[in-house]
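Below is one structure, written out as structure tokens, with a few remarks after it.
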Amino acid sequence: GVFSLLRLAAMEKNIQGIDTVVNPDIPLRMLDHWDNCDGSIERGYAGRSFFFRDGKILVNERTRDYARLISSVGINAVAINNVNVDKCAAQLLNESSFTSLSRLAKVFSGYGIRLFLSINYASPMLLGGLDTADPEDGKVKIWWKKTFHDIFSRVPNLGGFIVKADSEGCPGPLSYGRSQACGANFLADLVKEYHAVIVWRCFVYNCRQDWRDYTSDRAKAAYDNFIGFDGAFRENVFLQIKNGPMDFQIREPVSPLFGKMQKTNQILELQLAQEYTGQQIDICYLLPMFKEILGFRTYCRENNDTVGDIIRGVAFPRKHFGIAAVANTGDAENWTGSDLAAANLYGFGRLAFSPDLSPSEIAHEWISLTLTNDKTVTDVLLGILLRSREIYEKYTTPFGIGWMVTPNTHYGPSVDGYEYSQWGTYHRADHTGIGVERSSRGTGFTKQYFAPNTKIFDTVSTCPENLLLFFHRVPYAYVMRNGKTLLQNIYDSHFEGAEDVKNMIERFMKLKGLIPNYIFERILARLKLQLKNAEEWRDQVNTYFYRKTGINDVQGRKIY
Ligand code: GCW
């Protein structure tokens with residue numbers, strides 16, 4: 001309440017006689033930090049961790065500032081460590097960590113935030129010296145029971161644990177022939193007496209695929225691995241589902257698990273850390289994307305069937321729903337490295353609390369609270385933020401194709417970077433066309449949706465064009481709705497995207513003297529890097545397709 005009063009005051013709104021009640025629609029509103037205990041951050045673009053340094057947990061002024069910061073925007077749960085839990089981070093379950101964790105948890109609880117930890121499924125082996133982590137093994141059960149007893153009796157305000165199991169090399173129940181439900185329920189039963197929950201991630205897929213294999217489709221994996229267990233999970237298990245079926249690309253369809261899992265607690269997982277969306281160098285205001293995801297109609301019921309309805313608990317009568325995002329913070333002075341990336345952190349919290357707010361209202365609030373109410377600044381920054389996602393998409397991977405990034409780092413173009421790798425993220429471009437056919441005539445991914453969506457996505461003429469190449473293999477000569485061929489649209493999109501970045505910089509220059517100079521310079525420095533990146537994407541992608549097809553740009557622009 002106080003924070004919202006402060007917000008109104010900062011926005012110079014009339015607060016006389018104010019009498020409002022605002023309740024959060026989504027009960028669990030969580031930030032997931034991918035911080036490692038050595039102080040590094042997986043996919044971190046804003047400096048080092050402020051939770052860990054050299055194997056130690058940090059609790060200091062910044063911890064309090066952080067708690068206040070995120071509480072002010074509506075967050076009520078935080079997981080402080082990476083879901084990839086190495087041996088060092090596994091020690092968070094050890095006695096030696098409890099004093100610091102307890103201090104941290106107390107700071108959080110002062111701001112209404114519950115602490116979560118990511119745990120390694122094989123902890124009984126890593127920490128307890130056992131030779132197995134099989135959930136059906138008696139010794140394993142005794143080990144976890146004691147471990148949970150110890151940590152819950154020493155660390156207050158602990159909400160539960162996140163588990164990345166059987167995913168990208170992380171251990172899990174599958175290694176012992178046990179199901180995902182068995183693995184999750186086993187832990188859930190043991191933490192129940194502490195009123196804690198198990199957040200179980202659905203990012204389970206084969207990361208050792210053979211690129212020659214046209215029969216398997218990574219997009220289908222999460223659904224295939226979990227749909228059979230709907231209703232089989234305990235009341236205190238939440239499944240955490242990434243927004244799309246692949247992995248936080250600039251555009252993906254919504255995961256078909258939403259709507260299909262009707263008897264299971266769910267958390268929608270988003271990514272604020274801009275791993276595939278510009279790495280907090282390129283501007284990419286993500287709220288338009290988040291809003292689209294919440295608004296997606298699943299057709300699981302006649303009405304109230306959107307993802308937003310599901311995670312608000314309106315679509316299905318269940319108590320436990322949530323929204324989580326991979327955090328984009330670090331020890332950078334401005335928290336997010338890029339000043340404008342802070343709008344994503346702010347916006348995620350606001351949207352989680354009040355999903356009906358629009359991306360533009362949220363951006364407006366953020367500009368007022370962070371910088372100024374000056375009209376020129378507001379107009380320029382609103383214009384930049386609100387178009388930034390579309391621009392990033394234009395110069396990188398339009399029409400839903402995704403990937404084409406530099407392997408490992410995931411910044412900058414490498415069209416075939418993942419094409420012959422094991423990760424299952426192929427575009428399969430040749431001289432005639434591009435894309436994976438995921439319709440009912442292809443891998444059958446579209447059949448994971450309810451019928452109206454299957455139909456829409458199945459048919460090239462009704463498939464949204466911004467997802468055309470996600471769902472279909474399309475010849476370059478295919479004529480799109482604007483009357484131009486797919487190839488010409490690919491060329492145009494990249495030329496325009498890079499041009500848009502130039503215009504964005506021009507508009508931004510008007511802010512000199514209107515916002516603090518050090519902030520102006522910090523943003524400008526990143527914008528210049530963004531332009532270089534955009535030009536690199538434009539030239540590499542266009543050259544790639546020109547060389548594959550030998551077909552000229554109709555406007556005769558420079559392609560190499
Ligand atoms: O996209 C991938 C990232 C990994 C990450 C993984 C996940 C934490 O590249 O760095 O690991 O997703 O979500 O588990």
Considering only protein heavy atoms and a 1.4 Å probe, what is the carbon-and-sulfur percentage of the accessible area of segment 489-560? 53 percent
At a 1.4 Å probe, what is the % contribution of carbon and sulfur to the accessible area of segment 104-237? 51 percent
Fraction of beta bridges assigned by DSSP in the chain that are antiparallel (%, nearest 5): 20 percent
Which percent of the accessible heavy-atom area of segment 265-352 goes to carbon and sulfur, probe 1.4 angstrom? 47 percent
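Which sequence of Leu127, Leu511 reflects their accessible areas, 1.4 Å probe, from the largest down?
Sorted by accessible area, descending: Leu127, Leu511.
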Under 5 Å between amide H atoms, partner at least 5 residues away or on a different chain: which partners does Ala315 have, H built in plane at 1.01 Å? Ile310
Averaged per residue, the 1.4 Å probe accessible area of the chain, protein heavy atoms only, in Å², is roughly 39 Å²
Which ³J(HN,Hα) values in Hz, rounded to whole numbers, follow from the phi angles of segment 316-326 under the Karplus curve 6.51 cos²θ - 1.76 cosθ + 1.60, where θ = phi - 60° and Gly and Pro get x? 10, x, 10, 8, 9, 9, x, 9, 9, 9, 5
The value for segment 401-560 (convex hull of the alpha-carbon atoms, volume per residue, Å³) is 158 Å³
Given only helices, namely DSSP H runs of n ≥ 4 each adding -39500 (n - 2.57), what is the per-residue ellipticity at 222 nm of the chain, to the nearest 500 deg cm²/dmol? -11500 deg cm²/dmol
At a Cα cut-off below 23 Å, give the lysines reachable from Lys558, other chains included and same-chain residues fewer than 8 away excluded. Lys394, Lys484, Lys502, Lys528, Lys532, Lys548
Where does the Debye-calculated log10 I(q)/I(0) of segment 1-42 sit at q = 0.15, 0.26 Å⁻¹, using only Cα point scatterers of equal weight, no solvent? -0.63, -0.94
Report, to one decimal in Å, the Kirkwood hydrodynamic radius for the chain based on all distinct Cα pairs. 24.6 Å
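The values are calculated or read from the model by the stated rules, or taken from the named source; none is laboratory data. Just so it is clear, the model here is predicted, and its values are computed rather than measured. Keep in mind that these areas ignore ligands, DNA and RNA; they rest on the heavy atoms of the full protein, side chains included. Shrake-Rupley method; radii C 1.70, N 1.55, O 1.52, S 1.80 Å.
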